[in-house]
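Before any comments, here is the structure.
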Amino acid sequence: MPLPSMKDQFAALIATPSVSCTQPTLDQSNSAVIELLAAWLGDLGFLCDIQQVSPGKFNLLATYGSGPGGLVLAGHSDTVPFDGGLWQTDPLKLTEVDNRWIGLGSCDMKGFFALAIEALKPLLDQPFKQPLLILATCDEESSMAGARALADAGRPLGRAAIIGEPTGLRPIRLHKGVMMERIDILGRSGHSSDPSLGHSALEAMHDAMGELRGLRLQWQREFRNPQFTVPQPTLNFGCIHGGDNPNRICGQCSMEFDLRPLPGMDPQVLRAAIQQKLNPIAERHKVKIDYAPLFPEVPPFEQSEDCELVRVAERLTGYVAEAVAFGTEAPYLQRLGCETLVLGPGDIACAHQPGEYLEMSRIQPTVQLLRQLIGHYCLTPASAG
C-alpha cells in the first residue's frame, strides 16, 4: 500500500484524537496515533518498537540502520484538551486558511512527524553509517510519563536528539524547570475567643509563606541567567484554602505554588531548603505540616553552547541558540546520553489555543533542515563536526 502524501499524513494525525489530561474524563489513549506512525515507518523499512507505558498509553521508537550514535527526531503524540465551540474550524480536521494549516496538534506537535517522514524519505536509498531514530512519546502534556519511562529504562538512544516542539525554527538549548508543589497544614480548631483552645493552621501558613518569600528573594539574588526573558527563578503562590468561619480558630489550611528553577538549580536541593524552613514552623505553632510535589518536576534543561549539535543547528538555521520559559522532554533525552536541542516549525504563541496552526511557509524549510541534520548525523562518518 503506498505511503500517503505528507499532507495526508499530517491530516490523518490531526484526525486521530490523542488528548492527554490529568482529568480522567478528558484523557484518551494515544494508541491509534502510534499505530499510524508505526505503519508508515514500518513500510519505509524502520524497525518499530511499541512500548506500553501504562494502560492505553504507548511510546514508539522506530529505528533505521544500526549501531551506536545517530540522530533522534523526537516528539510527543498527545495534545492538550480542546473546546470545539471556541474553534472556527473542526479541530480534528486539517483546514487550510490564509496559508496556514489549522488543526489540533498542527503546531504542538503531531504535525512534526509528517514533516520528519517527508525529510527522510529520499535518503533511504543511501547507506546509513549511523542510525536514524524516530521517537513518539505519550502524555507530555500531562505527566510526561512517556519520557520519564524512557529515561528510567536507561537504554541509550543516539548521539544527538532534536525535539520538534514549536520554536519558530530557532534552536533552543535552555529552558527552566517546572515544579508544582503543595503545603498542607493541620492545626486544631477552637473558639476564637480563646487562642489557647486551638492551633491556627492559617497563622502557621502565614509564616510558611513568609519563609518561602525569603527563599524566593535569596534564590533570585543567587541565580540569574540573562538569556531568559525573565532572568531569575520565579515562585508563584497560586491558590490557598483554609478555615470555615471567622469565630473559629482555623484547623486546616492548604496552599499550592509554582516554582520555575533555572538550569543549575537542583529541584531536590530546593525542596530540602523549603522543608528545612517548614520544620521549625510546625514546632512553633504545634501543627502538622505536609509538603510534597503535586506532580513530579520537569527538571531545568541546558545543553552546552559549544557542543556539536548546537554548532551544527546554529550553522544550518542561521540563529544563535536561545532559551525559552516552557518545559519540554529535553532533560529526559539528555539523561540518555543525547546532545539535545528543541527545534521545530510551530509558534508557541498559538499552542494550546483554539485555531492552533502551522504556517505553510515553514513546511519546506523544516523538511530541508531535518534532511540536512539526517545527512550530517547518519550519512556522513561519525567524526564529522
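Among what's in the range 33-64 and is without any contact (Cβ under 8 Å) to a residue 40 or more places away in the chain and farther than 24 Å from Leu132 by Cβ, pick the residue that is surrounded by the fewest Cβ atoms within 10 Å (Cβ to Cβ).
So the residue we want is Pro55.
So, in the range 89-138, how many residues would count as being farther than 26 Å from Ala161 by Cβ and either charged (D, E, K, R) or touching a Lys or Arg at 6+ places or on another chain (Cβ under 6 Å) (or both)?
Summing the residues that are farther than 26 Å from Ala161 by Cβ and either charged (D, E, K, R) or touching a Lys or Arg at 6+ places or on another chain (Cβ under 6 Å) (or both) in the range 89-138 gives 5.
Search the range 252-299 for residues being among the aliphatic types (A, V, I, L, M) and without any contact (Cβ under 8 Å) to a residue 12 or more places away in the chain, and hand back the single one that is nearest to Pro233 (Cα to Cα).
Step by step, filter the range 252-299, then rank; the result is Val269.
Could you list, in sequence order, the residues of the range 71-100 that are crowded, with 20+ Cβ neighbours inside 10 Å and under 23 Å from the mean Cα position of the chain (by Cα)?
Of everything in the range 71-100, those that are crowded, with 20+ Cβ neighbours inside 10 Å and under 23 Å from the mean Cα position of the chain (by Cα) turn out to be Leu71, Val72, Leu73, Ala74, Gly75, His76, Ser77, Asp78, Thr79, Pro91.
How many residues are part of a strand (DSSP E or B) and not basic (Lys, Arg) when one looks only at the range 231-266?
17
State whether the residues of the range 219-230 include one that is among the aliphatic types (A, V, I, L, M) and crowded, with 16+ Cβ neighbours inside 10 Å.
No, that holds for no residue.
Within the range 101-130, restricting attention to residues that are part of a helix (DSSP H, G or I) and aromatic (Phe, Trp, Tyr), which residue is surrounded by the fewest Cβ atoms within 10 Å (Cβ to Cβ)?
Checking each candidate, the answer is Phe113.
Give the number of residues within the range 284-325 that are in a loop (DSSP other than H, G, I, E, B), surrounded by fewer than 18 Cβ atoms within 10 Å (Cβ to Cβ) and not hydroxyl-bearing (Ser, Thr, Tyr).
The total comes to 10.
Return the residues of the range 335-351 that are under 21 Å from Asp306 (Cβ atoms) and either touching a Cys at 6+ places or on another chain (Cβ under 8 Å) or in a helix (DSSP H, G or I) (or both); say none if nothing qualifies.
Answer for the range 335-351, where residues must be under 21 Å from Asp306 (Cβ atoms) and either touching a Cys at 6+ places or on another chain (Cβ under 8 Å) or in a helix (DSSP H, G or I) (or both): Arg335, Glu339.
Which condition breaks for Asp184 when tested against (1) within 28 Å of Val324 (Cα to Cα); (2) modelled with pLDDT of 95 or more?
(1)
One residue is enough: does the range 195-213 have a residue meeting the conditions surrounded by fewer than 17 Cβ atoms within 10 Å (Cβ to Cβ), closer than 20 Å to Val324 by Cα, within 34 Å of the chain's Cα centre (by Cα) and free of Cβ contacts under 8 Å to residues at least 24 places away in the same chain?
no
Say whether the condition of being in a loop (DSSP other than H, G, I, E, B) and of a type in the set (Gly, Ala, Ser) is met by at least one residue in the range 167-185.
For the range 167-185, residues in a loop (DSSP other than H, G, I, E, B) and of a type in the set (Gly, Ala, Ser): present.
Mind listing just one residue for me: the one in the range 134-161 that is among the charged types (D, E, K, R) and assigned to a helix (DSSP H, G or I) and, of those, surrounded by the fewest Cβ atoms within 10 Å (Cβ to Cβ)?
Applying the filter and picking the extreme gives Asp152.
Just to be sure before I move on: is Pro354 of a type outside the set (Val, Ile, Thr), in contact (Cβ under 8 Å) with a residue 40 or more places away in the chain, surrounded by fewer than 19 Cβ atoms within 10 Å (Cβ to Cβ) and not in a helix (DSSP H, G or I) in the structure I sent?
Considered against the rule, which asks whether it is of a type outside the set (Val, Ile, Thr), in contact (Cβ under 8 Å) with a residue 40 or more places away in the chain, surrounded by fewer than 19 Cβ atoms within 10 Å (Cβ to Cβ) and not in a helix (DSSP H, G or I), Pro354 comes out as yes.
Please enumerate the residues belonging to the range 111-123 that are in contact with a strand residue (DSSP E or B) (Cβ under 7 Å, 6 or more places away or on another chain) and more than 13 Å from Leu373 (Cα to Cα).
Gly111, Phe112, Phe113
The values are calculated or read from the model by the stated rules, or taken from the named source; none is laboratory data. On a predicted model such as this, the values are computed, not experimentally measured, just so you know. Positions of Cβ are generated from backbone atoms using ideal geometry, with glycine treated the same way; all protein chains shown enter the neighbour counts.
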